[in-house]
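Okay, structure first, notes after.
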């Protein structure tokens, strides 16, 4: 009888253990992201066309704020072989196409020589043109909201989106620089 109870207990334990998740989870990806220590940017093709906004000024503010948050969280800029690639979707135009498809998407730039904003000058991944596809099967698509941002953190080795950050708020236009910084700070608070 003891033998039967012991075998049933072992069988039950094996059965329960086999019910767990078989693959990595979003929590695993965030944990992996936090274990990295270097980053660089993939340039975005999202330029703000609306003449009410200064594309270069807004993107410069975005890059500077992300850089400050990355440094604060222990990351260093490495343009040669970063662990993490940062890709920013700026959504300031009315219903312009949003590159927010999380599953399997063509990256904006396939070759060097295309226009890249000056705000990326000091922080661009030098081999950005080698990244042709990014994916992230567990990342949900973010609905379009005007005056919002989506920040993707991508594993450079696998091209998988580790984490996608955005905020429920929209960026107000009266104090655009300040609102943009606060918006990005909120995204990083959610992650770290």
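No lab work stands behind these numbers, since they all come straight from the coordinates. It should be emphasised that the depicted structure is a prediction, and the values quoted were computed from it without experimental measurement. Cβ coordinates were reconstructed from backbone atoms using ideal geometry, including for glycine residues, and neighbour counts include every protein chain displayed.
Label-to-label distance for residue 178 and residue 157 is 4.4 nm, based on points extended 7 Å past Cα in the beta-carbon direction. Segment residue 68..residue 45, full-extension length gain: 6.0 nm, with 0.36 nm per residue of separation and the alpha-carbon distance subtracted. Exposure proxy shown here: for 45, 32, the number of other Cβ atoms within 10 Å sets the order, fewest to most, as 45, 32. Using the Cβ-Cβ distance between residue 169 and residue 27 with R0 = 22 Å, the FRET efficiency computed as 1/(1 + (r/R0)^6) comes to roughly 0.35. I want to make sure I understand the PRE zone here: with the label point 7 angstrom from the Cα of residue 34 toward its beta carbon, which residues in region 158-192 have backbone N atoms less than 19 Å away? Zone members listed by number: 161-166, 185-192.
When 133, 145, 181 are sorted by how many other C-beta atoms sit within 10 angstrom of their C-beta, beginning with the fewest, the order is 133, 145, 181.
By the beta-carbon count within 10 Å of each Cβ, the least crowded to most crowded order of 33, 162, fewest first, is 33, 162.
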